[in-house]
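J.: Here it is: the structure, laid out below.
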Amino acid sequence: MSLINAHGITKVYRLGRVDVPALRGVDVQVEQGEYVAITGPSGSGKSTLMHILGCLDSPSDGEYHLDGADISALRGRALARIRNQKVGFVFQTFNLMPRMTIDENVALPLQYRGGFSRRERLKRARALLERLGLGDRIGHRPDELSGGERQRVAVARSLVGEPAMLLVDEPTGNLDSKAGAEVLRTFREVHNAGNTIVMVTHDMHVAAEAQRSIHIADGKIAA
Ligand SMILES: Nc1ncnc2c1ncn2[C@@H]1O[C@H](COP(=O)(O)OP(=O)(O)O)[C@@H](O)[C@H]1O
Ligand SMILES: [Mg+2]
C-alpha cells in the first residue's frame, strides 16, 4: 500500500462571503522511500496541498489515507496526534526557537510527543546533529549559525521523531545558492538513508533533485 494515497482532494477557503477554491480535485500517490517534488507557480495550491498531506489542515472534500490510516475524517487532536507521529516538517523560514540551543531545538518534537526523558531526547538530537555534520555546533544557538546550517538543524528536528515522511516547503527559498546546495545535499543523504521526502518548490533546479515531480496549476494536477 502507498504511503500517501489521496483522491479527489478539494480545498475551499472562505474569505468573508467569497469562496476561494485552492484545490480542485487532486490525486496524489507517494510510495515509501520516494523523493517527490510538488511544483507549480505561486498561488497554484502547493502549500495548501502540503498542509493537507501533512495533517495540518483538512480537505473540504476527498479521501486521504496516510500510512494505512484514514485521515479524511480526523480533526483537531486526532489529526494532531497522527501528524506528530507520521510527519516531519521543514519550512522556508527554519522556525527555530532563538533562545534554545540547536540540540534543544532538535529535541523539541520528542518533548511534544511525550514519553522520553530530557536526557534521552538530547541524546537522540545530538546523534542526529552529528550525523548531519553539525556535531561541532552542538550547544550553540541558532543565531550563531549560518543560514545553511540553520536549515540543516531544521532537517535534524524533522527527523528526530522518526516520521514516516518529511514534508518540505521551499527549503532553499531563504538561502544563497551555496547554502541551498548544502541543504539539498543533506536531503539527498536523508533520502538515500531510506526516508520519504515530499518537497514543495517553484524552483526547477530544486525540483530536479527529486525522483519525480507533480506539477500543480490552478489547484489541479497538470502533469
Ligand atoms: N488561509 C487562506 N485563506 C484564504 N485563501 C487562501 C489561504 N491560503 C491560501 N489561499 C489561497 O489559495 C490559493 C492557493 O494558495 P497556496 O496553497 O498558498 O499556493 P502556493 O503555495 O502554490 O503559492 C491562492 O489563491 C491563495 O490566495
Ligand atoms: Mg506556498
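The values are calculated or read from the model by the stated rules, or taken from the named source; none is laboratory data. Values in this document were obtained by computation on a predicted structure and should not be read as measured data. As a convention, Cβ positions derive from the backbone with ideal geometry for all residues, glycine included, and neighbour counts pool all protein chains shown. All accessible areas refer to the heavy atoms of the entire protein, side chains included, with ligands and DNA or RNA removed. Shrake-Rupley method; radii C 1.70, N 1.55, O 1.52, S 1.80 Å.
J.: Out of residues 5 or more away from I214 or on other chains, whose amide H comes under 5 Å of its own, with H placed 1.01 Å from N in the peptide plane?
T.: A37, I38, T39
J.: Leaving ligands, DNA and RNA out of it, report the carbon-plus-sulfur percent of the accessible area of the chain at a 1.4 Å probe.
T.: Within the chain, the accessible surface is 47 percent carbon and sulfur.
J.: Go ahead and set up a Gaussian network model of the chain, Cα springs under 10 Å, then flag whichever of G68, G16, G173 fluctuates most.
T.: Per the Cα network of the chain with a 10 Å cutoff, G16 tops the list.
J.: Okay, next question. Show K86, K178 ordered by accessible area, largest first, where the area counts protein heavy atoms only and the probe is 1.4 Å.
T.: K178, K86
J.: A further question on this structure: Which FRET efficiency, nearest 0.05, do Q85 and E144 yield, Cβ-Cβ r, R0 30 Å?
T.: 0.40
J.: Still on this structure, please answer the following. If you take the square roots of the eigenvalues of the alpha-carbon gyration tensor of region 1-95 and sort them as a ≥ b ≥ c, do you get rounded (a/c under 1.5), prolate (a/b over b/c) or oblate?
T.: Since a/c stays below 1.5, the shape of region 1-95 is classed as rounded.
J.: From Cα pairs below 8 angstrom and at least 6 apart in sequence, can you work out the relative contact order of the chain, rounded to a whole percent?
T.: 30 percent
J.: Setting aside same-chain residues fewer than 8 positions from K220, which aspartates and glutamates have a Cα under 20 Å from its Cα?
T.: Output for K220: D19, D27, D57, D61, E63, D169, E170, D203.
J.: I would also like to ask the following. If the elastic network links every pair of Cα atoms under 10 Å, which of E63, E120, E34 fluctuates the most in the Gaussian network model of the chain?
T.: Ranking E63, E120, E34 by mean-square fluctuation puts E120 first.
J.: Can you tell me how much longer the chain between S177 and R119 gets when fully stretched, taken as 0.36 nm per residue apart minus their C-alpha distance, in nm with one decimal?
T.: Value of the extension gain: 17.2 nm.
J.: OK, next. Mind checking the angle between helix 177-192 and the chain's longest principal axis? C-alpha axes, 0 to 90 degrees, to the nearest 10.
T.: 80 degrees
J.: Kindly report, to the nearest 10 Å², the accessible surface of M100 as traced by a 1.4 Å probe over protein heavy atoms only.
T.: Accessible area, nearest 10 Å²: 60 Å².
J.: Of R157, R75, which has the most accessible area with a 1.4 Å probe, and how do the rest follow in descending order?
T.: R75, R157
J.: Counting DSSP beta bridges in the chain, what percent are antiparallel, to the nearest 5?
T.: Around 55 percent of the beta bridges assigned by DSSP in the chain are antiparallel ones.
J.: Next question. Between A73 and L15, what is 0.36 nm times their sequence separation minus the Cα-Cα distance? Round to one decimal in nm.
T.: Separation in residues times 0.36 nm, less the Cα-Cα distance, equals 18.6 nm.
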